[in-house]
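Take a look at the structure below.
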Amino acid sequence: MYCSNVCCHRWCSEERLDGKTVIITGANTGIGKETARDLARRGARIVMACRDLERAEEARTEILEDTGNENMVIRKLDLSDTQSIRAFAEVINKEEKQVNILINNAGIMMCPHSKTVDGFEMQLGVNHLGHFLLTHLLLDLIKRSTPARVVVVASVAHTWTGLRLDDINSEGSYDPIKAYGQSKLANVLFARSLAKRLQGTGVSVFSLHPGVVQSDLWRHQHQCIQVAVKIFKLFTKTTVEGAQTTIYCAVEPNLERQSGGYFSDCAPVSCSRMASDDNLGEKLWEISCSMLGITWQ
């Protein structure tokens, strides 16, 4: 079984992924790297979609030494630049015969106000819009690879705030916590909306809360918060533990009937009332398409 301890946060399964191709954004660090390690151990072909190629190569070498799986490739992807996303998708659509699992994992958390190359508020741009566009560009290939899954790493932070439909790009004012919460709410709404659109196609979609994880996501926080995080480490998850629900959603058989669902600690849980508002999800879908300049029914 693929579990190394008896911690309640560690999911154990002997499920194999031989012959499957998995794309993981942000696979060079944190829970993305631990997800890549686990799925590589299960025999999957891993496409590590990363912005920092040097760190990605270090992670690939580490995972290779740990798992013996040489079927791992690194591809450049900067989710803060739609041109990079399109270039990445073009390479994948040309080089890969299939994509059985897309894991939209990469993210940025509570950063100082900044904008992506295309002028999107950074957290919304990277966490939501970047993955929205990526999924759109790869969806035909994913559909041809069924049964297939799209896994969206969201957060309980989706309960912190609502969607500012009149100022979704934070042009009027910026609060890093609310902007992060908004981007994670967008993740859950996107997963639900996408699942509805993909009913009957053989592609399942899931969103999840990984837990409060000791990872690089906290790098933008003030020193006092970092100290508090160190004090409360007993109440947080390691990156290995934090990756378990992502792995569960990617690997666990017979989850198709729960497509569109939200998961935590390797089990379905309720999301916020706003996150389950399909009308709001449709408004977000339309806004996202408009911001990205794409047509996606």
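Among the numbered criteria (1) surrounded by 15 or more Cβ atoms within 10 Å (Cβ to Cβ); (2) not in a loop (DSSP other than H, G, I, E, B); (3) not charged (D, E, K, R), which single criterion is violated by V99?
(2)
Given the conditions (1) within 19 Å of the chain's Cα centre (by Cα); (2) closer than 25 Å to T146 by Cα; (3) basic (K, R), which single one is not true for R42?
So the condition that R42 fails would be (1).
Please specify each residue of the stretch 44-92 satisfying the condition of being surrounded by 15 or more Cβ atoms within 10 Å (Cβ to Cβ), in a loop (DSSP other than H, G, I, E, B) and not charged (D, E, K, R).
The answer is A44, N69, L77, L79, S80.
For the stretch 120-166, enumerate the residues that are in a loop (DSSP other than H, G, I, E, B) and farther than 20 Å from V188 by Cβ. Even if it seems obvious, please write down each step before you answer.
In the first step, residues of the stretch 120-166 are kept if they are in a loop (DSSP other than H, G, I, E, B); the result is 120, 144-147, 154-155, 160-166.
Listed by number, the residues that qualify are R144, S145, T146, P147, D166.
Inside the stretch 109-129, can you point out the residues that are touching a residue at least 60 places away in the same chain (Cβ under 8 Å) and buried (at least 19 other Cβ atoms within 10 Å of the Cβ)?
Passing the criteria: M109, M110, F120, Q123, L124, N127, H128, L129.
Only one of (1) on the phi < 0 side of the Ramachandran plot; (2) among the small types (G, A, S); (3) buried (at least 20 other Cβ atoms within 10 Å of the Cβ) is not met by S170, so which one is it?
Going through the list (1) on the phi < 0 side of the Ramachandran plot; (2) among the small types (G, A, S); (3) buried (at least 20 other Cβ atoms within 10 Å of the Cβ), S170 breaks only (1).
Take L39 and tell me if it is over 17 Å from A243 (Cβ atoms), modelled with pLDDT of 95 or more and not in a loop (DSSP other than H, G, I, E, B).
Criteria not met by L39.
With the structure loaded, tell me whether N93 is modelled with pLDDT of 95 or more, within 16 Å of the chain's Cα centre (by Cα) and of a type outside the set (S, T, Y) or whether it fails that test.
On the way: modelled with pLDDT of 95 or more: yes; within 16 Å of the chain's Cα centre (by Cα): no; of a type outside the set (S, T, Y): yes.
When the stated conditions are applied, N93 does not pass them.
Hey, does the stretch 175-193 have a residue that's surrounded by fewer than 24 Cβ atoms within 10 Å (Cβ to Cβ), small (G, A, S) and in a loop (DSSP other than H, G, I, E, B)?
Among the residues of the stretch 175-193, not one is surrounded by fewer than 24 Cβ atoms within 10 Å (Cβ to Cβ), small (G, A, S) and in a loop (DSSP other than H, G, I, E, B), which makes the answer no.
Please work out if A106 is surrounded by fewer than 24 Cβ atoms within 10 Å (Cβ to Cβ) and of a type outside the set (S, T, Y).
No; evaluated as a whole, the condition is false for this residue.
The values are calculated or read from the model by the stated rules, or taken from the named source; none is laboratory data. The model shown is predicted, which means the values in this text are computed figures rather than measured ones. So basically every Cβ, Gly included, is an ideal-geometry build from the backbone, and we count neighbours across all protein chains shown.
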